[in-house]
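The values are calculated or read from the model by the stated rules, or taken from the named source; none is laboratory data. Only a predicted model underlies this, so the values are computations on that prediction, with no experimental measurement involved. Cβ placement follows ideal geometry from the backbone for every residue including glycine, while neighbour counts extend to all protein chains displayed. Surface areas here come from the heavy atoms of the whole protein model, side chains and all, with no ligands, DNA or RNA. Shrake-Rupley method; radii C 1.70, N 1.55, O 1.52, S 1.80 Å.
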Amino acid sequence: MGGAGRGKAIIVLNPAEPPMIMRDTVLCLVDDGDPAAITAGVTEMAEQVARYVPGYRLKQQVQVIPIADDEPLDTLLGAGAPRPRWKVSVFLEVEGAAHYLPAYAGNLDIMTSAALRTAELLAAHAGAGVPAEALR
């Protein structure tokens, strides 16, 4: 979806009492790009998501760190993959609206908000005569 050549997701379930607000860390290895443009792009996307998921926010500034030429990455990349130039770290927090679910259930609120936003976009495009296939 985002153009990544490879991806991995790890879930950590925390039985803490009181429950913790949902936090996510997104780590990327990027082959090319300007650090300022990467930071601006991530920040803009976070602002766009926050328009339909009000509790969605960057927890701290985007980190873009250069990768040293001698840093071992072979096990992460696979054979023939281009060597990345940047490590990008994004730290997010999603606090739920607490309408029906507790505020710490941001993971459920974000799915509901994203589904609603997708339905609104599909309806708007359908009203404008845009076929659903063009939205994929």
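What to note about this one:
- Within the range 110-119, if we keep just the residues that are among the β-branched types (Val, Ile, Thr) and open to solvent by 50 Å² or more (accessible area, probe 1.4 Å), the residue that is nearest to residue 14 (Cα to Cα) turns out to be 112.
- Test: residue 129 is small (Gly, Ala, Ser) and at pLDDT below 80: yes
- Residues satisfying the stated conditions in the range 1-29, i.e. closer than 29 Å to residue 73 by Cβ, in a loop (DSSP other than H, G, I, E, B) and open to solvent by less than 90 Å² (accessible area, probe 1.4 Å): 2, 3, 4, 5, 7
- Filtering the range 36-76 to residues that are at pLDDT 90 or above and of a type in the set (Asp, Glu) leaves 44, 47.
- Subset tally (residues that are in contact (Cβ under 8 Å) with a residue 40 or more places away in the chain, open to solvent by 90 Å² or more (accessible area, probe 1.4 Å) and within 28 Å of residue 81 (Cβ to Cβ)) for the range 30-58: 1
- Count of the range 59-109 residues which are closer than 30 Å to residue 19 by Cβ, open to solvent by less than 80 Å² (accessible area, probe 1.4 Å) and touching a residue at least 60 places away in the same chain (Cβ under 8 Å): 14
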